[in-house]
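One structure below.
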Amino acid sequence: MLMNSIEYWAMNNPVRGFVQRHYEAPRLRRLSDGSANDILEIGCGQGAGARVIYDLFSPQRYVGIDLDPRMIRRARRRSGALPNATFMEGDVTSLEFPNATFDLVMDFGIVHHVPNWRDALAEVHRTLKPGGEFLFEDLPVETWERGIGIPFKRIADHPYDEMFREQEFVDELKALGFDVETHDNSPFSFYHFWGRAEKLS
């Protein structure tokens, strides 16, 4: 789904970029074995995550997809000299890549935007190589039931009726054939979770 104007602003400001670079991405990197050559970022937005991924993983090839053409245009303008980086419009529930294409798929909080999130996770699994990693940081239903999530729910345009709870997300990954490690916390009363899922076969 496309973001409304408030969410678009929230994802395209310096504070969001700072949190992603100095808090989210390093935490995910510590969970990884660091051996990824081919990386896919789902919901790449304006490309801020791409630069962080290059700094932390030094991929040989990076692909960023986003459903919003505005984001892809911004990402292409901002990508600079990132070697072998491609930004393209794409739907995470129907990825246009062959089976077993990527060593690593990154999710910086995009799957909770997807009503048919199970299809998205299935596509992540399909396009990962055996032994590949899915690194995720996302917001489950629990986010919007406590703390600052309650007032934010009134202005964020999310598919709340179809959204996953954390355990549902983990259970779906395991059912697909992932080995899963997760962590969660509530800084500033904002609940979220993150983790690593390795494709077993």
Only one residue in 178, 164, 193 is within 20 Å of residue 42 (Cβ to Cβ), modelled with pLDDT under 95 and of a type outside the set (Asp, Glu). Which one?
-> 193
Please state which one of 35, 79, 94 is among the hydroxyl-bearing types (Ser, Thr, Tyr) and closer than 19 Å to residue 178 by Cα.
-> 35
Restricting attention to the range 153-176, does a residue exist that is surrounded by 15 or more Cβ atoms within 10 Å (Cβ to Cβ), closer than 27 Å to residue 61 by Cα and out of contact with any Ser or Thr (no Cβ under 7 Å at 6 or more places or on another chain)?
-> yes
Would you check if residue 82 is in contact with a helix residue (DSSP H, G or I) (Cβ under 7 Å, 6 or more places away or on another chain), over 19 Å from residue 123 (Cα atoms) and surrounded by fewer than 24 Cβ atoms within 10 Å (Cβ to Cβ)?
-> yes
Answer with yes or no whether residue 149 is under 15 Å from residue 104 (Cα atoms) and either under 15 Å from the mean Cα position of the chain (by Cα) or not acidic (Asp, Glu) (or both).
-> no
Residues that are closer than 18 Å to residue 164 by Cα and in contact with an Asp or Glu (Cβ under 6 Å, 6 or more places away or on another chain), drawn from the range 109-137 = 109, 111, 112, 115, 118, 121, 136, 137
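Per-residue answers, yes or no, for (1) assigned to a helix (DSSP H, G or I); (2) under 16 Å from residue 124 (Cα atoms):
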{"position": "28", "(1), (2)": "yes, no"}
{"position": "35", "(1), (2)": "no, no"}
{"position": "40", "(1), (2)": "no, yes"}
{"position": "59", "(1), (2)": "no, no"}
{"position": "65", "(1), (2)": "no, yes"}
{"position": "70", "(1), (2)": "yes, no"}
With the checklist (1) under 25 Å from residue 201 (Cα atoms); (2) at pLDDT 90 or above; (3) surrounded by fewer than 24 Cβ atoms within 10 Å (Cβ to Cβ) in hand, flag the one item residue 34 doesn't pass.
-> (2)
Look through the range 98-150, keep the residues that are small (Gly, Ala, Ser) and buried (at least 22 other Cβ atoms within 10 Å of the Cβ), and return whichever of them is nearest to residue 52 (Cα to Cα).
-> 132
Can you find even one residue in the range 168-190 that is of a type in the set (Gly, Ala, Ser) and closer than 17 Å to residue 115 by Cα?
-> no
Look at the range 38-61 and say how many of its residues are at pLDDT below 95, surrounded by fewer than 24 Cβ atoms within 10 Å (Cβ to Cβ) and polar (S, T, N, Q).
-> 1
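The values are calculated or read from the model by the stated rules, or taken from the named source; none is laboratory data. All values reported here derive from a predicted model rather than from experimental measurement. So basically every Cβ, Gly included, is an ideal-geometry build from the backbone, and we count neighbours across all protein chains shown.
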